[in-house]
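*Asks:* Here it is, the structure, as structure tokens.
The values are calculated or read from the model by the stated rules, or taken from the named source; none is laboratory data. On a predicted model such as this, the values are computed, not experimentally measured, just so you know. Note that each Cβ is placed from the backbone with ideal geometry, even for glycine, and that neighbours are counted across all protein chains shown. The protein model used for the area step is the full one, side chains on, heavy atoms only, and it has no ligands, DNA or RNA in it. Shrake-Rupley method; radii C 1.70, N 1.55, O 1.52, S 1.80 Å.
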Amino acid sequence: MERQHVLDLRPPASATPPPEHPVRLVLPARLRTGLGCDAVGTPRDHGERIMDCLPRVGCVFADDERWWWIVPAGSQIGVSWPSGTRYAVGARLADPSWTRALRGPRAGRPRLIHSPDGDSPYTPPIPLYFLACRLAGSVPRWSLGATG
């Protein structure tokens with residue numbers, strides 16, 4: 001049986017209780033996650049436009065409100081992601097959008113909508129960052145001195 005890479009999206013114990021059935025983003029087992037995994041959530045209505053503009057697209061999950069792009073861990077260091085974008089360290093979502101007013105047992109839960117052809121689950125974070133800023137109408141901001 002193939003081993004699958006699982007990103008646990010349950011909120012930390014100190015946060016709001018998780019949904020009745022905790023949701024996990026399950027990456028295809030063939031993908032290598034040696035750089036760790038974070039997730040960037042962009043508004044759903046920007047998803048296809050972003051996908052069309054990126055030089056490479058890794059794993060992308062979608063729920064009713066956001067498209068979640070898998071990026072290498074630490075992709076938030078030194079940058080300010082624009083408003084409307086959510087950054088989830090370790091792909092742990094403290095306030096998952098799919099827990100709000102569920103219409104059914106699986107309504108709105110994230111589902112894998114794109115899997116890359118290669119062995120890497122990652123979307124390049126720099127082009128994703130610039131596209132997210134452009135679509136949000138914000139100026140990209142970063143710090144050269146950021147070390148983590």
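*Asks:* Tell me whether the stretch 27-39 contains one or more residues that are modelled with pLDDT under 50, of a type outside the set (Val, Ile, Thr) and open to solvent by less than 40 Å² (accessible area, probe 1.4 Å).
*Replies:* Taking the stretch 27-39 first, the residues modelled with pLDDT under 50 are none.
Checked against the condition, which is being modelled with pLDDT under 50, of a type outside the set (Val, Ile, Thr) and open to solvent by less than 40 Å² (accessible area, probe 1.4 Å), the stretch 27-39 yields no hits at all.
*Asks:* Then there's this: Go through (1) open to solvent by 30 Å² or more (accessible area, probe 1.4 Å); (2) at pLDDT 90 or above; (3) assigned to a loop (DSSP other than H, G, I, E, B); (4) touching a strand residue (DSSP E or B) at 6+ places or on another chain (Cβ under 8 Å) one by one and return the number of the condition residue 51 breaks.
*Replies:* Unmet condition: (3).
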